[in-house]
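Novice: Following this message is one structure expressed as structure tokens.
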Amino acid sequence: MKDEKVMADSGFSYSLDEIKQMSADVLKVAKSQGASAAEAELSLSIGQNVSVRMGETENIEYNRDKGMSVTVYFGQQKGHASTSDLSPQALKDTVAAACNIAKYTAKDEFCGLADAQLMATDVLDLDLSHPWNISVDEAIEIAKECEAAALSVDERIINSEGASVSTGTGYFAYSNSHGFTGGYPSSRHGVSCSVIAESDENMQRDYWYSTARVAADLQAAADIGRIAGERTVRRLNAKKIKTCQAPVLFEASLASGLISSLISAISGGNLYRKSSFLLDSLGKQIASPLLNIYEEPHLKKGLASSPFDNEGVATHARQLVKDGVLQGYLLGSYSARKLGMQTTGNAGGNHNLIVQAGADDFAGLLKKMGTGLVVTELLGTGINMVTGDYSRGAAGFWVENGVIAHPVEEITIASNMTDMLKMIVAIGNDVLVQGSKQVGSILIERMTIACE
């Protein structure tokens, strides 16, 4: 296979086929020791990260990781162990350790492999592996270019937290006792920059970054630096505002956090523990009719694409939220059994989540908001998953008549997630692709804004 040759040429000790065979061999050892079922994953990765600060090389880091984890089942008893030593004897010893642990664990009627009929039968090639054969010197030059672009934005930018360029490739194989074995290579690369500006003894910092499977898909280094610089300077000379209730616009980079809170609330672990503000919400209106969320596991080059989940279950495209109505949960086999349902292929988390964009760009959202707050930074966790109560430290910009008036900081925004979701009045088309969630800026009709 072409991908395997690429990975071998990148300096890995084993090919993808070899670690697939190793994972299958681990299962044989588990069976020989009396396990009624087992699953194993082997992974290898290599990476490089360089960072510069004020035009000088600060760090050059290399990482090379490998590991194997195995879970064994003796009926309803479960044991788990892992190792970073992939020698034959270490693999056998790790299986023995997992088997020994299982003998001392309590029986759990919900544990076990995912159902055999749900296994992926066709492991799709999602084009996730694009190694970036960049030398340290080349990476340093890119990082310097990025930082220089940030520093040149404004003379008030007087310091830097640095710029970095990272690259990583790896692959993994997963096998279980149903006879399933699958695996694939992947890559992820990134460029980032953070700088500091000062004016009248007021100092501010901000940053920007880009990440992608393919180096050619990254934002240009100079653009990343320029955006980091512009974001930093615009925060200078913040003014106080009075405590009030007003519309709040979460810029795209933070809007994904709102979606993350929603996803946590409909994920299996929180549901069966009854620690979710969206318990028993399937088929119910949980958000504004403007909210439509699609899960797309099979996007080519997607940052959260996968043909199967952590249990070998085939992934499928689906709509999670339709016109504000919850269509499905995110479940692995264990949480599904606890809830009396079937796994949704989300053992290990969500895949690419696409939030349907509206017609407005960021400027259009400001006009629609009129007067209110744009949030560009959030501090603290600040959400109670049981009640949905939401309170976060924040910074951003006060908007009047659809135009940004001045920066603000040291404020708190508060509401309840159940209300916030239903008070979504617009979703922007300024979509960012920086992780597993693709969403534009989100405008909430009203929140409490308190000055600290």
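Novice: Out of the residues in segment 54-84 that are loosely packed, with under 13 Cβ neighbours inside 10 Å and within 19 Å of Ser23 (Cβ to Cβ), state the one that is farthest from the chain's Cα centre (by Cα).
Specialist: Ranking the candidates gives Ser84 first.
Residue-wise test of (1) among the aliphatic types (A, V, I, L, M); (2) under 24 Å from Tyr334 (Cα atoms).
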{"position": "Asp93", "(1), (2)": "no, no"}
{"position": "Tyr104", "(1), (2)": "no, yes"}
{"position": "Leu113", "(1), (2)": "yes, yes"}
{"position": "Ala120", "(1), (2)": "yes, yes"}
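Novice: Oh, and also: Could you check how many residues of segment 237-251 are buried (at least 17 other Cβ atoms within 10 Å of the Cβ) and at pLDDT 95 or above?
Specialist: Adding up the residues that qualify gives 6.
Novice: Of the numbered conditions (1) within 27 Å of the chain's Cα centre (by Cα); (2) crowded, with 17+ Cβ neighbours inside 10 Å; (3) touching a residue at least 60 places away in the same chain (Cβ under 8 Å); (4) farther than 22 Å from Arg53 by Cβ, Asp127 fails exactly one; give the number of that condition.
Specialist: The one condition Asp127 does not meet is (2).
Novice: Working carefully through the options Ser51, Ser32, find the one that is surrounded by fewer than 18 Cβ atoms within 10 Å (Cβ to Cβ) and of a type in the set (Ser, Thr, Tyr).
Specialist: Answer to the check: Ser32.
Novice: How many residues, within segment 319-341, are assigned to a loop (DSSP other than H, G, I, E, B) and either farther than 14 Å from Leu271 by Cα or hydrophobic (A, V, I, L, M, F, W, C) (or both)?
Specialist: Initially, segment 319-341 is screened for residues assigned to a loop (DSSP other than H, G, I, E, B), giving 323-324, 327-329, 331-332, 340-341.
Next, only the ones that are either farther than 14 Å from Leu271 by Cα or hydrophobic (A, V, I, L, M, F, W, C) (or both) stay: 323-324, 327, 331, 341.
Of the residues in that region, 5 qualify.
A quick yes/no check of all residues on (1) farther than 14 Å from Ser288 by Cβ; (2) modelled with pLDDT of 95 or more; (3) of a type in the set (Phe, Trp, Tyr):
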position: Pro407; (1), (2), (3): yes, yes, no
position: Ala414; (1), (2), (3): yes, yes, no
position: Thr418; (1), (2), (3): no, yes, no
position: Leu421; (1), (2), (3): no, yes, no
position: Ala426; (1), (2), (3): no, yes, no
position: Asp430; (1), (2), (3): yes, yes, no
position: Ser436; (1), (2), (3): yes, no, no
position: Leu443; (1), (2), (3): no, yes, no
position: Arg446; (1), (2), (3): no, yes, no
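Novice: Considering only helices (runs of 4 or more DSSP H) fully contained in segment 1-107, which possess at least 2 residues that are among the hydroxyl-bearing types (Ser, Thr, Tyr) and in the same structural domain as Ala148 (by TED's automatic domain parsing)? Show your work before the answer.
Specialist: Working: elements: 2-9, 16-32, 88-102.
Ranges flagged: 16-32.
Novice: Continuing with the same structure: Out of the residues in segment 177-213 that are polar (S, T, N, Q) and surrounded by fewer than 17 Cβ atoms within 10 Å (Cβ to Cβ), state the one that is farthest from Lys20 (Cα to Cα).
Specialist: Initially, segment 177-213 is screened for residues polar (S, T, N, Q), giving 177, 181, 186-187, 192, 194, 199, 202, 204, 210-211.
The next check asks that each one be surrounded by fewer than 17 Cβ atoms within 10 Å (Cβ to Cβ); those that pass are 199, 202.
Details: Ser199: 58, Asn202: 56 Å.
Only one residue fits best here, namely Ser199.
Novice: Could you tell me whether any residue of segment 340-360 is of a type in the set (Asp, Glu), under 23 Å from Val248 (Cα atoms) and surrounded by 15 or more Cβ atoms within 10 Å (Cβ to Cβ)?
Specialist: First, pick out the residues of segment 340-360 that are of a type in the set (Asp, Glu): 360.
Next, only the ones that are under 23 Å from Val248 (Cα atoms) stay: 360.
Right, trim to surrounded by 15 or more Cβ atoms within 10 Å (Cβ to Cβ) and you get 360.
Yes, some residue in segment 340-360 is of a type in the set (Asp, Glu), under 23 Å from Val248 (Cα atoms) and surrounded by 15 or more Cβ atoms within 10 Å (Cβ to Cβ).
Novice: Is it the case, given these coordinates, that Asp122 is among the charged types (D, E, K, R) and either assigned to a loop (DSSP other than H, G, I, E, B) or free of Cβ contacts under 8 Å to residues at least 12 places away in the same chain (or both)?
Specialist: Considered against the rule, which asks whether it is among the charged types (D, E, K, R) and either assigned to a loop (DSSP other than H, G, I, E, B) or free of Cβ contacts under 8 Å to residues at least 12 places away in the same chain (or both), Asp122 comes out as yes.
Novice: Of all the residues that make up segment 142-176, how many are small (Gly, Ala, Ser), surrounded by fewer than 20 Cβ atoms within 10 Å (Cβ to Cβ) and either modelled with pLDDT under 95 or not in a strand (DSSP E or B) (or both)?
Specialist: Selection size over segment 142-176: 2.
Novice: State all residues of segment 105-119 that are in contact (Cβ under 8 Å) with a residue 24 or more places away in the chain and more than 23 Å from Gly67 (Cα to Cα); if no residue qualifies, say none.
Specialist: Residues of segment 105-119 in contact (Cβ under 8 Å) with a residue 24 or more places away in the chain: 105-116, 118-119.
Correct list: Thr105, Ala106, Lys107, Asp108, Glu109, Phe110, Cys111, Asp115, Ala116, Leu118, Met119.
Novice: I would also like to ask the following. Can you find a residue that is in the same structural domain as Asn416 (by TED's automatic domain parsing), more than 16 Å from Leu126 (Cβ to Cβ) and part of a strand (DSSP E or B) anywhere in segment 297-308? Break it down stepwise before answering.
Specialist: At the first step, the residues of segment 297-308 found to be in the same structural domain as Asn416 (by TED's automatic domain parsing) are 297-308.
Okay, now just the ones that are also more than 16 Å from Leu126 (Cβ to Cβ), so none.
Checked against the condition, which is being in the same structural domain as Asn416 (by TED's automatic domain parsing), more than 16 Å from Leu126 (Cβ to Cβ) and part of a strand (DSSP E or B), segment 297-308 yields no hits at all.
Novice: Suppose we filter segment 349-388 for residues that are over 23 Å from Leu432 (Cα atoms) and out of contact with any Ser or Thr (no Cβ under 7 Å at 6 or more places or on another chain); how many remain?
Specialist: Taking segment 349-388 and keeping what is over 23 Å from Leu432 (Cα atoms), we get 370-371, 382-388.
So of that shortlist, the ones also out of contact with any Ser or Thr (no Cβ under 7 Å at 6 or more places or on another chain) come out as 370-371, 384, 387.
Adding up the residues that qualify gives 4.
Novice: Take segment 152-199 and flag every residue that is over 21 Å from the mean Cα position of the chain (by Cα) and among the basic types (Lys, Arg).
Specialist: Arg156, the sole residue that qualifies.
Novice: While we're on this one: Scan segment 77-91 and report the pairs whose first residue is closer than 18 Å to Cys111 by Cβ and whose second residue is part of a strand (DSSP E or B) and polar (S, T, N, Q), with Cβ atoms within less than 8 Å and a gap of 6+ or a chain change.
Specialist: Lys78/Thr71; Gly79/Thr71; His80/Ser69; His80/Thr71; Ala81/Ser69; Ser82/Ser69
The values are calculated or read from the model by the stated rules, or taken from the named source; none is laboratory data. In this text, all values refer to a predicted model and were calculated from it rather than measured experimentally. Heads up, the Cβs are rebuilt from the backbone with ideal geometry, glycines too, and the neighbour counts pull from every protein chain shown.
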